[in-house]
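Reviewing the structure listed below.
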Amino acid sequence: MAMGRGSAMVIAMMIVGVLTVSQVAEAATYPVGGSGGWTFNVAAWPKGKRFRAGDTLVFNYNSAIHNTVPVDRSGYSGCTAPATAKVFQTGKDQIKLKKGQNFFICSIPGHCQSGMKIAVTAA
């Protein structure tokens, strides 16, 4: 009988371990701006959503007229991207969130100023 309980305990521990690993491995994917995509006036899009480090944001847009640039707080506030910034321009950019604050703008002149920017905080 003691062997049966020990085996059941081992199996239970294995199940808990698998569930824990699968929860950690599951990262969510969010299309920025929803069905409207990455466009003007999306700054409020993150409100009410819970993001985690490792989640992926997908920026869908017309690559002939927009781009996506990860920036710092200063770049977000001032709508500027440093010369060394990585500029994504596929029209289907997939960017993983890091823990803490994540800022993104469109660096095409006037676009960020017209609301094509988002700030996302990931737990």
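The values are calculated or read from the model by the stated rules, or taken from the named source; none is laboratory data. This is a predicted model, so every value here is computed, not measured. Methodologically, a virtual Cβ is constructed for each residue, glycine included, from the backbone with ideal geometry; neighbour enumeration extends over all protein chains shown.
Is it true that some residue in region 5-17 is modelled with pLDDT under 95 and either in a loop (DSSP other than H, G, I, E, B) or charged (D, E, K, R) (or both)?
Checked against the condition, which is being modelled with pLDDT under 95 and either in a loop (DSSP other than H, G, I, E, B) or charged (D, E, K, R) (or both), region 5-17 yields at least one hit.
Out of ALA122, ALA44, ALA53, which single residue is free of Cβ contacts under 8 Å to residues at least 24 places away in the same chain and within 23 Å of ALA28 (Cα to Cα)?
Numbers: ALA122 fails: free of Cβ contacts under 8 Å to residues at least 24 places away in the same chain; ALA53 fails: free of Cβ contacts under 8 Å to residues at least 24 places away in the same chain.
Of ALA122, ALA44, ALA53, the one residue that is free of Cβ contacts under 8 Å to residues at least 24 places away in the same chain and within 23 Å of ALA28 (Cα to Cα) is ALA44.
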